[in-house]
1. Counting only residues that are of a type in the set (S, T, N, Q), more than 21 Å from E193 (Cα to Cα) and crowded, with 18+ Cβ neighbours inside 10 Å, how many does the range 36-74 have?
2. Would you mention how many residues in the range 165-203 are out of contact with any helix residue (DSSP H, G or I) (no Cβ under 7 Å at 6 or more places or on another chain) and part of a loop (DSSP other than H, G, I, E, B)?
3. Filter the range 158-182 down to the residues that are modelled with pLDDT of 90 or more and among the charged types (D, E, K, R) and list them by number.
4. Take the conditions part of a loop (DSSP other than H, G, I, E, B) and at pLDDT 85 or above and apply them to T71. Does it pass?
5. Starting from the range 34-48, keep only residues that are under 15 Å from G63 (Cα atoms) and in contact (Cβ under 8 Å) with a residue 40 or more places away in the chain, then list their pairs with residues that are among the aromatic types (F, W, Y) and assigned to a loop (DSSP other than H, G, I, E, B) whose Cβ atoms are within a distance under 9 Å, requiring at least 6 positions of separation or different chains.
6. State the number of residues belonging to the range 98-141 that are open to solvent by 50 Å² or more (accessible area, probe 1.4 Å), free of Cβ contacts under 8 Å to residues at least 40 places away in the same chain and assigned to a loop (DSSP other than H, G, I, E, B).
Amino acid sequence: MKAFLLGAAGLLALVVLAQADLVIVQKVEGGGQAGDQTIKIKGDKARTDLNPTVSMITDGATGEMITLMHTGRTYLKVSPEQTKAMMNQLQKLRSATEPPKLVPTGKKEKVGDFDCEIFTADLGAIKATYWIAKDFPNYPSVLAQLDKFQSGAISAMGKGIMPELKDFPGMMMKTELDMAGKKVVTTIVSAKEENVDPAVFVLPKGYTEISSPELNFQPK
């Protein structure tokens, strides 16, 4: 369960980071994941191709998430109510009532071609470290589009779990989430503003729905 909630926190971080007409390529290590992932975002919809066999479609307006397993042509749906329950589980891991704040460490490190300042944040049971690039070329545009998404369902469900967007002084080039020694590290390879085909967010024909007890969160 801890590993799954850590993954959920990572997903929330992505949603907070990227809800605009963008294509992001990132490298993920830990949490049972390894390799590059591609995220395509258009308006309230996001599609993450985790690997050649698994994709996730997220509706930021409703909170619904669909995981596609391409090999067996099946899919797993997480309803808005289940997403809310999952976010409630993450909320319970925090004792503080105020949103976590970014804390500068005074350290700097290069991530790819960008000089980054390192910040930390206490998310309760999860400790977060961010490598932030203040000179990322299209970050102001990304931020402007993110502001338009703040009324989205997932953003509302996850309010207070992660540091607020307005507190980030640049692009999160690298994020490390640590929960009881289980770490997930996400590194941005590229982030480009380009048109995304709406068809990639449509459930493919011929896929059969399955259920998973691990993901069967019920509202409380």
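1. 1
2. 9
3. K174, E176, D178
4. On the way: part of a loop (DSSP other than H, G, I, E, B): yes; at pLDDT 85 or above: yes.
Yes, satisfied.
5. Once the first residue is under 15 Å from G63 (Cα atoms) and in contact (Cβ under 8 Å) with a residue 40 or more places away in the chain and sits in the range 34-48, its partners that are among the aromatic types (F, W, Y) and assigned to a loop (DSSP other than H, G, I, E, B) give D44/F149.
6. Of the residues in the range 98-141, 4 are open to solvent by 50 Å² or more (accessible area, probe 1.4 Å), free of Cβ contacts under 8 Å to residues at least 40 places away in the same chain and assigned to a loop (DSSP other than H, G, I, E, B).
The values are calculated or read from the model by the stated rules, or taken from the named source; none is laboratory data. Quantities reported herein were computed from a predicted structural model and do not represent experimental measurements. Here Cβ is always computed from backbone atoms with ideal geometry, including for glycine, and neighbour counts include all displayed protein chains. Just so you know, the surface numbers come from the protein's heavy atoms only, side chains and all, with ligands and any DNA or RNA stripped out. Shrake-Rupley method; radii C 1.70, N 1.55, O 1.52, S 1.80 Å.
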